[in-house]
Amino acid sequence: MALLQVDRLRVEFPARQRTLVAVDDVSLSIDAGEVLGVVGESGAGKSVTGAAIIGLIEPPGRIAGGEIRFAGRRIDCLPDDAKRHIRGREIGSVFQDPLTSLNPLFTVGQQLVETILAHSDRTAADARRHALRLLEEVGIPAPAQRIDAYPHEFSGGMRQRVVIALAICAAPRLIIADEPTTALDVSIQSQIIALLKRLCREHGTAIMLITHDMGVIAETADRVAVMYAGRIVEVGPVRQILRSPNHPYTQGLMESIPRLGSDSAPLAQIDGAMPRLHEIPVGCAFHPRCPDASERCRETRPALRMVADSASVACLLFDDGCADD
Ligand code: SF4
């Protein structure tokens, strides 16, 4: 049984003239100890999918269809306090900007101790000892000297390490990491990725890694789900998808990854932009940007179909299970 199972998730935001669909018919699963990368440009529905899983869709937005199961238990229809209990204790979260997760008025030690006490029966003294161990585990140098510092006294990379320490306080089985490295320098990005991978390996923590950066996916994930206009358009083992991406959108994302030794060649870009929610075209939502689009693509929305061992793609080129010649 998968640790997280999302089936046919639909998230809607009512607007003045019509209901906007941010996530449409999304199904995915994550096993214990697995890193699932969820990739796509801004507006693809990645973060809304993550927010739905941790119960953080802001009203009037709502889950309008589908199911979310965690460890076999349905969690999308729980009352708010039960969702809050799962969030933090069973599912941790790390967001792009560490300052949104940290309270500037309290020391990192106070915030860690408070979170540890909220999720365990430890005494205050034991919680502080645990906080020190966590700071050490996430690579904060001299944690005994830093534990009483305030968030603004840490660099961006160190703040993100503190946020990861907060996320693992209660030893959650799943961490939703939404663009955890985007705000950081490139050299710090790889340190944070290495830290997340180590946590995954050593504690068996599963990670849903949301990013716009296919390079981060290549370094980190076991499997990848590519999202476009609220839907998954390709999903499968990361090595397989990196080696032979099937969906034209995935191919475009792959061409935008910088490669060592090819710094003279300009990086390819996908022409056009992700459609806004009120402008998602009928048929295949990618057709206005797709170099392979045909007349049929303007009318028919492709379903996600398995094309190879554990890899699926939503593209009419693969409608019969294999690409057209
Ligand atoms: Fe391109 Fe058509 Fe495939 Fe959509 S269905 S990705 S438009 S070829």
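Quick look at the values:
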{"item": "Residues that are within 15 Å of the chain's Cα centre (by Cα) and farther than 24 Å from Ala285 by Cβ, drawn from segment 42-76", "result": "Ile54, Gly55, Leu56"}
{"item": "Which numbered condition Thr123 misses (of (1) modelled with pLDDT of 90 or more; (2) β-branched (Val, Ile, Thr); (3) open to solvent by less than 70 Å² (accessible area, probe 1.4 Å))", "result": "(3)"}
{"item": "Residues of segment 140-197 that turn out to be of a type in the set (A, V, I, L, M, F, W, C) and within 28 Å of Glu41 (Cβ to Cβ), as a count", "result": "16"}
{"item": "Checklist (1) touching a Lys or Arg at 6+ places or on another chain (Cβ under 8 Å); (2) not in a helix (DSSP H, G or I) applied to Cys169, failing item", "result": "(1)"}
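Here is a yes/no grid of residues against (1) open to solvent by less than 20 Å² (accessible area, probe 1.4 Å); (2) within 28 Å of Arg201 (Cα to Cα):
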position	(1), (2)
Val38	yes, yes
Ile53	yes, yes
Ile57	no, no
Arg69	no, yes
Leu78	no, no
Asp81	no, no
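Condition check ((1) touching a residue at least 24 places away in the same chain (Cβ under 8 Å); (2) in contact with a Leu (Cβ under 8 Å, 6 or more places away or on another chain); (3) under 23 Å from Leu3 (Cα atoms)) across all residues:
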{"site": "Pro59", "(1), (2), (3)": "no, no, no"}
{"site": "Ala64", "(1), (2), (3)": "yes, no, yes"}
{"site": "Gly92", "(1), (2), (3)": "yes, yes, yes"}
{"site": "Phe106", "(1), (2), (3)": "yes, no, no"}
{"site": "Thr123", "(1), (2), (3)": "no, no, no"}
{"site": "Ala127", "(1), (2), (3)": "no, yes, no"}
{"site": "Ala131", "(1), (2), (3)": "yes, yes, no"}
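The values are calculated or read from the model by the stated rules, or taken from the named source; none is laboratory data. Computed from a predicted model, the values in this text were never measured in an experiment. Note that each Cβ is placed from the backbone with ideal geometry, even for glycine, and that neighbours are counted across all protein chains shown. The protein model used for the area step is the full one, side chains on, heavy atoms only, and it has no ligands, DNA or RNA in it. Shrake-Rupley method; radii C 1.70, N 1.55, O 1.52, S 1.80 Å.
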